[in-house]
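Quick notes on the structure that follows.
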Amino acid sequence: QVLSPVVAEQVEIGLKRDFGRYAITLAAFQITQPAQYLDTTTNVFGEFGEQRNRGIELSTFGSPVRGLRL
């Protein structure tokens, strides 16, 4: 089965706070794309439905001591 290229749609919103020596970021996202799998009833591989991934991402980075960046 030849399928067309998958196109995903992503929506993201976030915040970033820089404190000088370190920073914190927080983001919420949603990625939507066609679901591809084998239909066991018809034994056909294709696009059936939609796959949606949602999540929250929290990260931090900085320099706790001079010369070291984490």
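If only residues of the stretch 1-58 that are acidic (Asp, Glu) and in contact (Cβ under 8 Å) with a residue 24 or more places away in the chain are counted, the one that is surrounded by the most Cβ atoms within 10 Å (Cβ to Cβ) is 47. Taken over the stretch 51-60, residues that are modelled with pLDDT of 95 or more and farther than 8 Å from residue 25 by Cβ amount to 5.
A count restricted to the stretch 12-52 and to residues that are within 30 Å of residue 69 (Cα to Cα), assigned to a strand (DSSP E or B) and of a type in the set (A, V, I, L, M, F, W, C) stands at 8. Go through the stretch 39-67 and report how many residues are within 21 Å of residue 7 (Cα to Cα) and more than 28 Å from the chain's Cα centre (by Cα). Residues flagged as within 21 Å of residue 7 (Cα to Cα) and more than 28 Å from the chain's Cα centre (by Cα) within the stretch 39-67 amount to 1.
The values are calculated or read from the model by the stated rules, or taken from the named source; none is laboratory data. Owing to the predicted nature of the structure, the values given are computational and were not obtained by experimental measurement. Reconstructed Cβ throughout: ideal geometry from the backbone, glycine too, with neighbour counts over all protein chains shown.
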